[in-house]
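Mind looking over this structure? Questions follow.
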Amino acid sequence: MLGKLKRLRANTTTNLVLQQIGDVTILQEIFTALFLQRQLEYFTIISFDKMQHYLNNVKRILVVQLNTVSGIVYSLPALNALRLRFPTCELAWLVDDRIAPLLFGHNALDRLIIAKENWLSSFDETNLLRRRLLAFSPDAAVDLQGTFMSALAAWLSGAKHRIGFGGIGSNFASRMLNNIRIVPADDHVVIRKLQLLEAFGIVGGSIDFDLPESETDIYNARQKHNRLNLGTDFVAMSISTENAVKQWDERGYAEIVYHLNSQWNLMTLILWNTESERQAAERIVKMSDGAAVILDETTIGVTISLIKMSTLFIGNNTDMLHIAAVADTPCIGLYNVQRTSQNTPFGTQNRVLRIEQVRNSTTINTEITKLKEICDELLQRETTLREQRESGQEITTKQRAA
C-alpha cells in the first residue's frame, strides 16, 4: 500500500494505481498509510516551534483555498503577504472552477490552477489535477482551508513543505497530510490564515485584500445602478433563507428598509442567491412600500462592484457580507448569538448584531430597534467623514474605525 501511495503522489500511472486500489477503499487506505507516516519521508511532521530556520529558499509556492467566496476573499491578505515577502517567487493558487473568477487578474498571482468542484469523486479528474500540480512543482504549499480535500491537494502537488493548521479544532486529516503545523493564536479567520505564514518568517505587517475588479464589471455595475435609479448613495442588503440559523425576520428587514428611506432618503438594493431568497426579497419590497429594489440575476463580479459602490451593507452571515467587509464598505452583520467571532465581518469599522435563535415579537422588535440605532450610527459617521474629505481635512484610521 505504501508503494501505491508513493505512485499516487509521483507516478505517471496514477490512474492505474487508483483503479488497482479500488474506489471503495481508497480513503481508508490513505488513512492507513497516514498512521504509518514515519515510513514515508514526505509524511514526517515538523513542529513549527522546533524549526531551525524559516522557509526562505523557495522558488514556487502553492496556495490552497479551494472553495467558498468568504474563504477566498479572507485568504487574499495571505497571498499579498507572500508576494511582498517573495517578489520574484512564482505563486499559484488552487481553486474550484465555480469561484475561480474571483481571482481572475489578481496582481499577486502568477498562475491559477482551476479544479473541478468534486474532483476527488472522479479518478480522471484527480489524476488530471495531480498532473497539473506536479507540473507546477511547488517547493511549499500553504493549506489555508484546512480540510481533507485541500490538504490532500497540497500533498498531491509534491511540495516538500506543506503548511497547515494544528491544535485543537483543526481538521484531523489535514493535520496528518500537512507536515508543518502552526497553531493560530487569534480567533478571526483572516488572522489565523496569516499566521500560517510564520513558517516563512512573515509576522505582522499590513493587511491588504486587493479584491480584483475588472473594467467590464465596473461598467456593467454602473449601468445597473443607473437603470435601478438607486441614487448617489444607497444601501446593499443580502438575505439568506437556506439556513435557519442565519435567517432573520422578513418584517425586520422591511422595517429597516423603510427606516433607511424615510430617515436617510436611501434606497436599498436587495441581493439574492436562490429562488426562495428572491421571493423573500419581493415580500420585503412590498412590506417596505417600495423602498427597495431587487438586483436581477448577474455575475459575481458585477455584484462585487455594486457592493463597493454602496454606502452601507446589511446582511446575515453570507458571502456577500464578507465581500463588503473587504471592499471597505461599512457593514452590519446579523449573527446568531451562539456563533463565535471567527467569521464575523473583518474590520473595526463594522458592527455585529447578535440575533436570538428562538424568536418572538418581543425579541424581534428589540433587534429592529438596535439595528436602526446601528444604521444611524454608521450613516452619521459616514456623513461626517464625507464632510471632512470634502473640506480637505485628513481622516485618521481611528476616526474611520470609531
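The values are calculated or read from the model by the stated rules, or taken from the named source; none is laboratory data. Worth saying up front: this structure is predicted, and the values here are computed from it rather than measured. Backbone-built Cβ (ideal geometry, glycine too); neighbour counts: all protein chains shown.
Which condition breaks for ASP210 when tested against (1) on the phi < 0 side of the Ramachandran plot; (2) in contact with a Pro (Cβ under 9 Å, 6 or more places away or on another chain)?
(1)
Identify all residues within the stretch 107-121 that are in a loop (DSSP other than H, G, I, E, B) and either surrounded by fewer than 17 Cβ atoms within 10 Å (Cβ to Cβ) or without any contact (Cβ under 8 Å) to a residue 24 or more places away in the chain (or both); write none if there are none.
Of everything in the stretch 107-121, those that are in a loop (DSSP other than H, G, I, E, B) and either surrounded by fewer than 17 Cβ atoms within 10 Å (Cβ to Cβ) or without any contact (Cβ under 8 Å) to a residue 24 or more places away in the chain (or both) turn out to be ASN107, ASP110, LYS116, GLU117, ASN118.
For the stretch 70-91, name all the residues that are free of Cβ contacts under 8 Å to residues at least 40 places away in the same chain and closer than 12 Å to LEU103 by Cβ.
Residues satisfying the conditions are ILE72, LEU79, LEU91.
Tally the residues that are touching a His at 6+ places or on another chain (Cβ under 6 Å) and of a type in the set (Ser, Thr, Tyr), restricting the search to the stretch 176-221.
0
Considering the stretch 77-104 alone, what residues qualify as being under 19 Å from VAL302 (Cα atoms) and of a type in the set (A, V, I, L, M)? Walk me through how you get there before you give the answer.
Within the stretch 77-104, the first condition is being under 19 Å from VAL302 (Cα atoms), and the residues that meet it are 97-104.
Once the filter is applied, which keeps residues that are under 19 Å from VAL302 (Cα atoms) and of a type in the set (A, V, I, L, M), the stretch 77-104 yields ILE99, ALA100, LEU102, LEU103.
Of a type in the set (A, V, I, L, M) and under 15 Å from ILE72 (Cβ atoms), is that true of VAL203?
It is false that VAL203 is of a type in the set (A, V, I, L, M) and under 15 Å from ILE72 (Cβ atoms).
Can you say whether GLY301 is assigned by TED's automatic domain parsing to the domain that holds LEU271, at pLDDT 90 or above and surrounded by fewer than 23 Cβ atoms within 10 Å (Cβ to Cβ), as far as the supplied structure shows? Step through it out loud before you land on a result.
Numbers: assigned by TED's automatic domain parsing to the domain that holds LEU271: yes; at pLDDT 90 or above: yes; surrounded by fewer than 23 Cβ atoms within 10 Å (Cβ to Cβ): yes.
Yes: the conditions hold for GLY301.
Another one. Restricting to the stretch 234-257, name every residue that is more than 26 Å from the chain's Cα centre (by Cα) and modelled with pLDDT of 95 or more.
If the condition is that a residue be more than 26 Å from the chain's Cα centre (by Cα) and modelled with pLDDT of 95 or more, then ALA254, GLU255, ILE256, VAL257 are the ones that fit.
Identify, please: which residue in the stretch 351-402 is in a loop (DSSP other than H, G, I, E, B) and surrounded by 14 or more Cβ atoms within 10 Å (Cβ to Cβ) and is, among those, modelled with the highest pLDDT?
Only one residue fits best here, namely GLU356.
Let me ask something else about it. Please go through the stretch 123-142 and give me each residue that is in contact with a helix residue (DSSP H, G or I) (Cβ under 9 Å, 6 or more places away or on another chain) and not hydrophobic (A, V, I, L, M, F, W, C), ordered by number.
Those that are in contact with a helix residue (DSSP H, G or I) (Cβ under 9 Å, 6 or more places away or on another chain) and not hydrophobic (A, V, I, L, M, F, W, C): ASP124, GLU125, THR126, ASN127, ARG130, ARG131, PRO138.
While we're looking at this one, here's another question. Which one is surrounded by the most Cβ atoms within 10 Å (Cβ to Cβ) among residues in the stretch 262-290 that are more than 21 Å from ALA324 (Cα to Cα) and small (Gly, Ala, Ser)?
SER288
Just one of the numbered conditions (1) part of a loop (DSSP other than H, G, I, E, B); (2) modelled with pLDDT of 90 or more; (3) β-branched (Val, Ile, Thr) is not true of ILE168; which one?
(2)
List the pairs whose first member sits in the stretch 338-366 and is farther than 19 Å from ILE323 by Cα and in the same structural domain as LEU312 (by TED's automatic domain parsing), whose second member is at pLDDT 85 or above and in a loop (DSSP other than H, G, I, E, B), and whose Cβ atoms are under 8 Å apart, counting only residues at least 6 apart or on separate chains?
Final answer for the pair search is ILE355/TRP248; ARG359/ASP249; ILE364/ASP249.
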